[in-house]
1. Considering only the other residues whose Cβ falls under 13 Å of the Cβ of H47, what net charge follows from Lys and Arg at +1 and Asp and Glu at -1?
2. Which residues does the label zone of T25 cover in region 44-62, counting backbone N under 15 Å from a point 7 Å along Cα→Cβ?
3. Taking the number of other C-beta atoms within 10 Å as the exposure measure, put D44, D34 in order starting with the fewest.
4. Classify region 16-66 as rounded, prolate or oblate from the Cα gyration tensor: take a ≥ b ≥ c as the square roots of its eigenvalues, call it rounded if a/c is under 1.5, otherwise prolate when a/b beats b/c and oblate if not.
5. According to a simple spin-label model (label point 7 Å from Cα along Cα-to-Cβ), what is the distance in nm between A12 and T64?
6. Where Lys and Arg each count +1 and Asp and Glu each count -1, what net charge lies around A12 among other residues with Cβ under 12 Å from its Cβ?
7. With +1 on each Lys and Arg Cβ and -1 on each Asp and Glu Cβ, how big is the dipole of region 16-66 about its Cα centre, in debye rounded to the nearest 20?
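Please treat every number below as a calculation from the coordinates, not as lab data. The structure displayed is predicted, hence computed values, not measured ones. FYI the Cβ positions are ideal-geometry reconstructions off the backbone, even for glycines, and counts take in every protein chain you see.
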Amino acid sequence: MMADAHAAAAPAPGSFRTTCPYCGTGCGVLVTPDGSGGMAVKGDPDHPANRGRLCSKGSALGETLRKCPKLCARRWPS
Ligand code: SF4
């Protein structure tokens, strides 16, 4: 059996892969929770769309994932 030369390496323990939601390019992102409600974000070097790079919006993703009690709170009609 041949190894897949294009297989992505597993992310570091505690990190996970996701996709930037800001535009249709769909850049790959590696996210690592910092343990205090925030996330460290960097481009996924194994993603074919961006090869580890992120634009200014994608680079700021971590700032939008901070605790946001007003924006993230669900409100249901009573
Ligand atoms: S990092 Fe920039 S180019 Fe990539 S998906 Fe996000 S907004 Fe689009």
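1. Numbers: positive: R17, K42, R51, R53; negative: D44, D46.
Result for the neighbourhood of H47: +2.
2. 44-61
3. Values: D44 24, D34 12.
Least to most surrounded, the residues fall as D34, D44.
4. Working: a/c = 2.31, a/b = 1.57, b/c = 1.48.
Cα axes put region 16-66 in the prolate bin.
5. Inter-label distance under the simple model: 2.4 nm.
6. Working: positive: R17, K42; negative: D44.
Net of charged neighbours comes to +1.
7. Values: 6 positive and 4 negative charges, 23 e Å.
With only Lys, Arg, Asp and Glu charged at Cβ, the dipole is about 120 debye.
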